[in-house]
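Just below is one structure, and these are the notes that go with it.
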Amino acid sequence: MEPILRFNDDLAVVHAYLCADGYVCKTGKDLKAGRLGLRNTCPELLFDFQERFKRYFTFEPHIYDGRCAIHCKTAWTFLINNFNSFHSYEWIFPNGMNEKQTCLWLRAFFDCESWITKRAAKDRSVSLECVNEKGIYSVQKALNELQIKSTISKRKTRPIYVLRICQKEMIVKFKNKIGFLHPQKKAALDESLNTYISYEWKFPKETNALNEFVIAKLIEKVKVNKMGQIKFCSNTKSNLVKLSKYLFELFKIDSKVYGPRYNGLGTKFFQLEINKKSEVEKALKYCSNAKS
């Protein structure tokens, strides 16, 4: 399909709504009249569809009974001529969109079709399912172009495809680049992200408190191996970089940070090491004095 000359933000959103929970069909005895609209229980989405449709086509659809619909042969003809079909099995992700329009299209589609899983420490994801195999893979391609990784699986019992966005980094990217207009889904996305534990250490700014914090971390993590070295780990590199910095600034203890490294399960971590004998003795002395 050739790019549409009048393609803009509003058309991108209208197209996505029609592909998701919308319909574009012929009506009338001679099937020459066109009817189209969006079915959804979320008022914010219905108002968004109404406003964007009106701006693009200059005709205003009406909201009633959980839908926003209109009889409009002009809009119907334009949509069918340019996009062919909006049937659940046949819609096609449109060409000719810039990045902003792609994000708006995905936002509207996810607003209609997705759900958020927020089981702390078990499963957090933004997911959607679709019977249109070509369509859902085109959605995944668009996400990939935004550097948002996702997976697609087919349900065993039905010909339905499920796309999932997992991992905190990918979910955060989804929120920042695409997000939701749907208020319940927007809140659920925030709740899902809030279930992640923050592993970033908060270093105090006041000098005495900072001294106590650094020594406490040293006591908490310190282990001397058979080689006489002190090593401890964190899954967050910035924790160890800051700790190494303050160990030297406050106590003149020299240390180095290495990584990333990976354990037997493939989990990434970073490691702070105090290797010199004189530095190890200095660190153990500070720990001993703090304990006494």
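The values are calculated or read from the model by the stated rules, or taken from the named source; none is laboratory data. Quantities reported herein were computed from a predicted structural model and do not represent experimental measurements. So basically every Cβ, Gly included, is an ideal-geometry build from the backbone, and we count neighbours across all protein chains shown.
Tabulated data for the structure shown
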item: The range 212-235 - residue that is modelled with pLDDT of 80 or more and closer than 30 Å to Ile171 by Cβ and, of those, surrounded by the fewest Cβ atoms within 10 Å (Cβ to Cβ); result: Asn235
item: Hits in the range 256-277 (condition: closer than 15 Å to Met227 by Cβ, outside any strand (DSSP E or B) and not charged (D, E, K, R)); result: Asn275
item: The range 247-263 - residue that is of a type in the set (Ser, Thr, Tyr) and either more than 20 Å from Ile215 (Cβ to Cβ) or surrounded by fewer than 17 Cβ atoms within 10 Å (Cβ to Cβ) (or both) and, of those, modelled with the highest pLDDT; result: Tyr258
item: Cross-chain or 6+ apart pairs with Cβ under 8 Å, the range 150-179 first and outside the structural domain of Glu99 (by TED's automatic domain parsing), then assigned to a loop (DSSP other than H, G, I, E, B) and aliphatic (A, V, I, L, M); result: none
item: Checking Ala209 against (1) part of a helix (DSSP H, G or I); (2) surrounded by 15 or more Cβ atoms within 10 Å (Cβ to Cβ); (3) modelled with pLDDT of 90 or more, the condition it does not meet; result: (2)
item: Total residues in the range 164-192, condition buried (at least 16 other Cβ atoms within 10 Å of the Cβ) and over 23 Å from Gln101 (Cβ atoms); result: 4
item: Unmet requirement for Asn95, which otherwise passes all of (1) out of contact with any Asp or Glu (no Cβ under 9 Å at 6 or more places or on another chain); (2) closer than 21 Å to Arg52 by Cβ; result: (1)
item: Odd one out for Trp91 among (1) within 16 Å of Asp10 (Cα to Cα); (2) in a loop (DSSP other than H, G, I, E, B); result: (1)
item: So Ser238, is it within 31 Å of the chain's Cα centre (by Cα) and hydroxyl-bearing (Ser, Thr, Tyr); result: yes
item: Matching entry among Ile148, Ile152 (being among the aliphatic types (A, V, I, L, M) and more than 13 Å from Met170 (Cβ to Cβ)); result: Ile152
item: Among residues of the range 264-283, those that are more than 20 Å from Val241 (Cα to Cα) and either touching a Gly at 6+ places or on another chain (Cβ under 8 Å) or modelled with pLDDT under 85 (or both), counted; result: 4
item: Odd one out for Asp123 among (1) acidic (Asp, Glu); (2) at pLDDT below 90; (3) buried (at least 16 other Cβ atoms within 10 Å of the Cβ); result: (3)
item: Selected residue (criterion: surrounded by the most Cβ atoms within 10 Å (Cβ to Cβ)) from residues of the range 49-62 that are farther than 21 Å from Cys130 by Cβ and within 31 Å of the chain's Cα centre (by Cα); result: Phe53
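Conditions (1) touching a Lys or Arg at 6+ places or on another chain (Cβ under 6 Å); (2) assigned to a helix (DSSP H, G or I); (3) among the aliphatic types (A, V, I, L, M), marked per residue:
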position: Cys103; (1), (2), (3): yes, yes, no
position: Cys112; (1), (2), (3): no, yes, no
position: Val126; (1), (2), (3): no, no, yes
position: Glu129; (1), (2), (3): no, no, no
position: Ile136; (1), (2), (3): no, yes, yes
position: Gln140; (1), (2), (3): no, yes, no
position: Asn144; (1), (2), (3): no, yes, no
position: Ile152; (1), (2), (3): no, no, yes
